[in-house]
Amino acid sequence: MKPINFILAAFAVVALPAFAAEHEMSGDAAAGEDAFRQCATCHVVTNEEGETLAGRNGRQGPNLYGVIGRQAGTEDFRYGESIVEAGEQGLVWDEESFVAYVQDPTGFLQEYLDNDRARGKMTYRVRSEEDALNLAAFLADIGPDAEGSGGS
């Protein structure tokens, strides 16, 4: 790993989860739990103890536990080149970036990377901004920094 990437990764691991926990989500976590059903085909939310908090045994997409506040493309998963590059350039999932990404993964990455060849591997799009906001709130609510989430 290049020294600058190591520094960025270390910063993301240490500082950004605390940053995410300090910011309120504008969506409705309960509605997000219902909306997550459309994500559960590919994704699961499993905490560090191995407890599944949401979803089934989705394996096509990464585990979304702790996604809010995490550097993009860093979870133990085989990501596409574009999302890894975005993470290396500093993309950390917050409400705004998560909502934009889930509504148009390829378009978001093309804009973020300023590269019309960038591609997202996620083919599904969340149709409404309200659903995307609710999903972000739900994932933050059951993440490691949420009280009573089953997280650390």
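The values are calculated or read from the model by the stated rules, or taken from the named source; none is laboratory data. Here the structure is a predicted model, which means the values were calculated and not measured. Calculation scope for accessible area: heavy atoms of the full protein, side chains included, ligands and nucleic acids excluded. Shrake-Rupley method; radii C 1.70, N 1.55, O 1.52, S 1.80 Å.
Give me the percent relative contact order of segment 31-152, please, defined on Cα pairs under 8 angstrom at least 6 residues apart. In percent, rounded to a whole number, it is 28. Take the alpha carbon gyration tensor of segment 22-84, find the square roots of its eigenvalues, order them as a ≥ b ≥ c, and report rounded if a/c is under 1.5; if not, report prolate when a/b exceeds b/c, else oblate. Note, shape of segment 22-84 comes out oblate. Taking every protein chain into account, the 1.4 Å probe leaves Phe98 with about 20 Å² of accessible area, to the nearest ten.
If you sort the three axes of the alpha carbon gyration tensor as a ≥ b ≥ c, you get a/c of 1.5 or more for segment 33-138 and a/b above b/c, which makes it prolate.
In terms of the ratio Rg/(2.2 N^0.38 Å) built on C-alpha atoms, what value belongs to segment 75-130? Don't skip to the end; give the middle numbers.
Values: Rg = 10.7 Å, N = 56, 2.2 N^0.38 = 10.2 Å.
Dividing the Cα radius of gyration by 2.2 N^0.38 Å gives 1.05.
Derived scalar couplings between HN and Hα for segment 57-64 equal 9, x, 10, 7, x, x, 5, 9 Hz in order, rounded to whole Hz, by the Karplus curve 6.51 cos²θ - 1.76 cosθ + 1.60 (θ = phi - 60°), x for Gly and Pro.
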